[in-house]
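Below is one structure, written out as structure tokens, with a few remarks after it.
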Amino acid sequence: MAASVYSTRFVNAQLTGTNTTYFTVPAGYVAVVRTMTAGWSAPASGQGIVQVLLNGANSYVWVTAIQASEIASQLWNGRLVLPAGEIIRAANTGTATVRLTVSGYLLTL
């Protein structure tokens, strides 16, 4: 008998300049975010900010700066518990191409 797999990737997206919703915790579940990774390649004028937010206004859970002329990544590790209906949204305020992945567990209630 195969074992249950709980790990999942909630977000795998190239960020836009607006606070875009990338994941909503489905009814009957609780999500536990364990890792967020942002990677980018910034042009000379590419300075900006990567922001990860929840439902509420200014509900930042992770913010990291992008420097101009930079190829880099940042990693967030933790345990962020999100109830059913909570959203994960993100934005990139600069001109860099930024890819965000958010992974963790999706558990049934």
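Readers should treat all values here as calculations from the given coordinates under stated rules, not as data from a laboratory. As the structure is a computational prediction, the values presented were derived from the model and not from experiment. Note: ideal-geometry Cβ built from the backbone for every residue, glycine included; neighbour counts use all protein chains shown.
Along Cα→Cβ, 7 Å out, is where each label goes; now give me the distance between the ones at VAL5 and SER73 in nm to one decimal.
Reported label-point gap for VAL5 and SER73 is 2.0 nm.
Can you check how the C-alpha radius of gyration of the chain compares to 2.2 N^0.38 Å, as a plain ratio?
Relative to the 2.2 N^0.38 Å estimate, the chain comes out at 1.13.
Take every Cα pair under 8 Å in region 9-108 that's 6+ residues apart, average their separations, divide by the length, and report that relative contact order as a whole percent.
Numbers: 272 pairs, mean separation 49.7, N = 100.
50 percent.
Could you work out which residue, out of ASN92, ASN12, ASN77, moves most in a Gaussian network model of the chain, that is, has the largest mean-square fluctuation with Cα springs under 10 Å?
Comparing ASN92, ASN12, ASN77 in a Gaussian network model of the chain, the most mobile one is ASN77.
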